[in-house]
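Only the coordinates and a few stated rules stand behind these numbers; no lab work does. What you see is a predicted model; the values in this text were computed from it and never measured.
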């Protein structure tokens, strides 16, 4: 997911009166190596998602050593999650999330899931619930990195030429909203990152939300939207087709 730029939203929030009885989300760190915390996680969290990379993406040199260490730590965490029950017990889900490295589209999700299931089980004894693939949208640091390498034009061309109309029905923006910390509504997480609130009537704040208006609204779109419609499509739940 692209990094959030909250500069504009922070400015707007200063002009809003605080809403009563709103509880902020809090991040909680859990050391699953400790039996008591692993048990607590099992009791409170039903679904865990972990990002994965291919071993062939590891490099040589010092940077490669750091990546190898990170890879080993990731394997250890997945094993511990299995020990706690995630990916093993039916009610405790362990989802793996795959983002391709560089300006390419993800491989077929079902085939990649089969490969990871086979290889992780054979090499490390790791099991998981499902694997989802997510396309890198040309935004934020990913876009900046491509520009430095002069790869952005090629990637823009790739996602546009890979447009798949069959993905339209399942797009996140057609079925859900992103609500910013100040109550501003956005059609998706990426529009939030770009500061593109919902368009049209009756308004952009959650206090103005009405189901009948939501289903008739015109979705705010941009060139970045091609990323969600390219190839097999992309969403927070993985491929769309």
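Some points to look at:
- Region 100-153, relative contact order [Cα under 8 Å, separation at least 6], %: 43 percent
- Shape of region 153-197, Cα gyration tensor, a/c cut at 1.5: oblate
- Shape category assigned to region 118-198 from the gyration tensor of Cα positions, a/c cut at 1.5: oblate
- Binned Cα-Cα distances of region 137-241, short to long, each 5 Å bin given as a whole percent: 2, 13, 20, 20, 19, 13, 8, 3, 1, 0
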